[in-house]
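The values are calculated or read from the model by the stated rules, or taken from the named source; none is laboratory data. Worth saying up front: this structure is predicted, and the values here are computed from it rather than measured. Note that each Cβ is placed from the backbone with ideal geometry, even for glycine, and that neighbours are counted across all protein chains shown. Calculation scope for accessible area: heavy atoms of the full protein, side chains included, ligands and nucleic acids excluded. Shrake-Rupley method; radii C 1.70, N 1.55, O 1.52, S 1.80 Å.
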Amino acid sequence: MSRLKDKFAALKKEGRAAFVPFITAGDPDMDTSFSILQQLPAAGADIIELGMPFTDPMADGPAVQASSVRALKSGASMVKVLKMVEKFRKADKATPIVLMGYYNPIHAYGTARFAKDVAHAGVDGLIVVDLPIEEDEVLRVPAQAHGVDLIRFVTPTTDEARLKRIVADASGYLYYVSVAGVTGTKSVPEEEVRAALARVRAATTLPCTVGFGIRSPEQAAAIARMADGVVVGSAIVGQVADNLAHGKDRIVAEVLELTRTLAGSTHAARHGKVPA
Amino acid sequence: MNQIPNSLRSGPDGNGHFGAYGGRFVAETLMPLVLSLEQAYETAKKDPAFHAELADLLKHYVGRESPLYFAERLTAHLGGAKIYLKREDLNHTGAHKINNCLGQILLARRMGKTRIIAETGAGQHGVATATVAARFGLPCTVYMGDVDMERQKPNVFRMRLLGAEVKGVSSGSRTLKDATNEALRDWVANVEDTFYIIGSVVGPHPYPALVRDFQTVIGNETRAQMLDREKRLPDLVVACVGGGSNAAGMFHPFLDDTGVEIHGVEAAGDGVDTPRHAATISKGTPGVLHGARSYLLQDGDGQIIEAHSISAGLDYPGIGPEHSWLKDIGRVKYHSITDQEALDAFMLLSKLEGIIPALEPAHAIAHVAKIAGQMDKDQLIAVCLSGRGDKDIFSVAAALGEKL
């Protein structure tokens, strides 16, 4: 069993959705972001999406773009990101970590070497925004061979035929992008997500998390009632931006506080009941 | 593309690959759009009505064909090969960009799209897009880096006159790369109604093939005009390369003519051995940006390095995937020209021929100025003069230390 499988199995038993915060590794510096990462599970994170910074994050809105810029300015690199996961994994053997980012830094690192090194560091999954199913074999095959899942996207523009192709080689879980757009700019349309999840469930037994456009505890709860996981990114990295002037301790505290709030609301949403 | 055996003109393959380059590296949300564009283009290519309408617009709206002009005084000055200029600067809107924009807006209309977006560097593609959007009555938003808006003010004003909304981009290097990121963000957020008119042979498949095809009119005309004037093909074909659209259109019809040497000219900025250049092929390595695998300016960690060129249209850290392939197989030789050499050529052509070139093709002219004198007098060079230089007079004046 993989950590992701274990986690989703445990959540299913508990009858609750996963809370999945996104932070960018190295934002605003490696030390602060490691502090955040380390404390996220205790604050209620079930799975952690850890952003690999990139100069040109073209599917992200202003908040995540800015977090990437901060991380790169502070000297973040792929090697440092992997070291950070390795350090985290020494103390936490259970919380899955999924690296999220763009393909070029992985391409530069070398896909085979990357697959091997992420597995060694204790990474459980990869989300690569600009690697659609037509192009993902080059990374998916070596990653899966090392026991690392390549998480695929389903979006509002995915039709039935394409959905079938997406789920065919998918592993780990699916990531439903709730809105056509970049991260953090539109609000999650709950009814459309409900319909989309029904389509996804008809096509696969893989768990499905939902992200893009979830900021508030109310939105998190609404999505938690229907999805297997709730991803929040922009609102969380926004806490880093908002507290930059106040120093490391305050940044860590505010990010964790928002995580606790959103995780609490995600976890309480179903009142212990598994949705039909 | 029609598969022609033993031809260099048959790419890309069905997945948009030119050798190891190209592909469709876009967010999943965009994939269905990219696939439907490919389908629409394949259908349009087979439709004589599509070609007829495009040909009619190119003739009566753009003013094609553009002349192939024998630059007699430049030739005499350099003292070698006969130099012909393909006068894309005489097109409506002053550059080759309109050829592609007309093709794409006809596709947009076929696909039922009601809103146009574009990115622009020098502003030539933005102006051409705003022009065709006005002509077809569609609302248009153009993304342009703040730095480029400053150095290409006349084109910003032109786009606004044409009814387009020009949105400044303040992220990253605030130039073409960042404008492209922002256009992609707009597209992914407006997938239902929006058509993204990409201005160069870059982006996910089918854009590199489609833009090249729409620009191939440049090379087709040049080839026929040269045969008509000189009864033979040129010995050397030259074009500047940023993303590489005028070069792709100029080169493509000559790729299978083994006697024709082909040179692409990149922007060397302050020099290829300085950090400030845009010589993607000369100094870059393969990577993935803006939807395709191609040569890129990047560091060892895969982070994109900001390009620099005095010419906003060449100030881009990537290049079209077909150029990367043509480089690797050795069919096209890529050279580079510094800002200063381009400025010198800008002034040389202005004074000798009464033609003020855009700073982009001034790079191609500068390269010709370096080598024409070493060629025989009966040899022929065809250079793509991709645009006129009116837009650049402020940048040039600033570089010369003059105030306008």
Extent of the protein assembly as shown along each principal axis, from alpha carbon coordinates, in Å, largest to smallest? 85, 51, 47
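Hey, could you grab the Kirkwood Rh for the stretch B:337-404? Inverse mean 1/r over distinct alpha carbon pairs, Å, one decimal. Present the calculation step by step, with values, prior to reporting the outcome.
Numbers: mean 1/r = 0.0806 Å⁻¹.
Across the stretch B:337-404, the inverse of the average 1/r is 12.4 Å.
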Assign unit charges at the C-beta atoms only (+1 for Lys and Arg, -1 for Asp and Glu), then state the dipole size of the protein assembly as shown relative to its Cα centre in Debye, rounded to the nearest 20. 1020
So what are the ³J(HN,Hα) numbers for the stretch A:129-142, from phi and the Karplus equation (6.51, -1.76, 1.60; θ = phi - 60°), rounded to whole Hz, Gly and Pro as x? 4, 9, 10, x, 4, 5, 10, 8, 4, 4, 9, 4, 5, x
Pop out the ³J(HN,Hα) list for the stretch B:167-173 in order, Karplus 6.51 cos²θ - 1.76 cosθ + 1.60 with θ = phi - 60°, rounded to Hz; leave Gly and Pro as x. 9, x, 10, 10, 8, x, 7
Taking a straight Cα-to-Cα line shorter than 25 Å from B:K167, and setting aside same-chain lysines fewer than 8 residues away, one finds A:K186, B:K97, B:K113, B:K153, B:K177, B:K391
Net charge contributed by nearby residues that have their C-beta within less than 14 Å of A:E86 (K/R +1, D/E -1): +4
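Output the direction-averaged projected area (hull surface divided by four) of the convex hull of the alpha-carbon atoms of the stretch B:1-95, in nm². Walk me through the numbers before you get to the answer.
On the way: hull surface 41.1 nm².
For the Cα atoms of the stretch B:1-95, the hull's average projected area reads 10.3 nm².
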Rank A:V237, A:A263, A:V182 by how far each Cα sits towards the positive end of the charge dipole of the stretch A:174-276 (+1 on Lys, Arg Cβ; -1 on Asp, Glu Cβ) and give me just the farthest. A:A263
Give me the inter-chain shielding for A:77-90: mean count of other chain Cβ atoms within 10 Å, whole number please. 1
Please report the antiparallel percentage of the DSSP beta bridges confined to the stretch B:199-312, to the nearest 5. 60
Histogram of C-alpha separations across chain B, 20 Å bin width, %: 31, 62, 8
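What does the average come to when, for each residue of peptide A:63-70, you count the partner chain Cβ atoms lying within 10 Å of its Cβ?
1
Can you figure out the FRET efficiency of A:T261 with B:Q379, using R₀ = 56 Å and their beta-carbon distance, to the nearest 0.05? If you can, show how the numbers build up before the last one.
Working: r = 75 Å, r/R0 = 1.33.
For R0 = 56 Å, the calculated efficiency reads 0.15.
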Heavy atoms only, 1.4 Å probe, whole protein assembly: order A:D249, B:D376 by accessible area, highest first. A:D249, B:D376
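Below 13 angstrom from the Cβ of B:P317, what's the summed charge of the other residues (Lys, Arg +1; Asp, Glu -1)?
Values: positive: B:K177, B:R276, B:K283; negative: A:D56, B:D178, B:E266, B:D299, B:E306, B:D315.
Once positives and negatives cancel, what remains is -3.
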Karplus-derived HN-Hα couplings along the stretch B:151-159 (A = 6.51, B = -1.76, C = 1.60, θ = phi - 60°), whole Hz, x at Gly and Pro: 8, 10, 3, x, 6, 4, 5, 4, 4
Given H placed on each backbone N at 1.01 Å, which residues far from A:M100 in sequence or on other chains put an amide H within less than 5 Å of it? A:L50, A:G51, A:M52, A:I127
Using the Cα centre of the protein assembly as shown as origin and beta-carbon charges of +1 (Lys, Arg) and -1 (Asp, Glu), tell me which of B:P67, B:G172, A:L131 is placed farthest towards the positive end of the dipole. A:L131
Which value, in debye to the nearest 20, describes the size of the charge dipole of the stretch A:107-158 about its Cα centre when Lys and Arg Cβ atoms bear +1, Asp and Glu Cβ atoms bear -1, and nothing else is charged? 160
Cβ-placed point charges (K, R +1; D, E -1), dipole of chain B about Cα centre in debye, nearest 20: 740
Could you work out, residue by residue across B:14-26, how many beta carbons of other chains sit within 10 Å of that residue's beta carbon, and then give the average as an integer? 3
Between B:A52 and B:N15, what is the label-point separation in nm under the 7 Å Cα-to-beta-carbon projection? 3.9
As a test, work out the antiparallel percent of DSSP beta bridges whose residues both lie in the protein assembly as shown, rounded to the nearest 5. 20
Tell me, what is the percent relative contact order of the stretch A:187-276, built from C-alpha pairs under 8 Å that lie six or more residues apart? 29
Amide H neighbours of A:L174 under 5 Å, counting only residues 5+ apart in sequence or on other chains, H built in-plane at 1.01 Å? A:C208, A:T209
Long-range HN-HN contacts of B:E261 with modeled amide H, under 5 Å: B:L236, B:V237
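Return the loop-located trypsin sites (Lys or Arg not before Pro) in the stretch A:21-104 (DSSP other than H, G, I, E, B) with at most 11 other Cβ atoms within 10 Å of their own Cβ; answer none if there are none.
Numbers: sites: A:R70, A:K73, A:K80, A:K83, A:K87, A:R89, A:K90, A:K93; in loops: A:K93.
Sparse-neighbourhood loop trypsin sites (Lys or Arg not before Pro): A:K93.
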With a 1.4 Å probe and all protein chains in place, put A:E14, B:E42 in order of accessible area, largest first. A:E14, B:E42
Got a sec? Charge dipole of the stretch B:305-404, +1 on Cβ for Lys and Arg, -1 for Asp and Glu; which of B:Q340, B:L314, B:V368 is way out at the positive end? B:V368
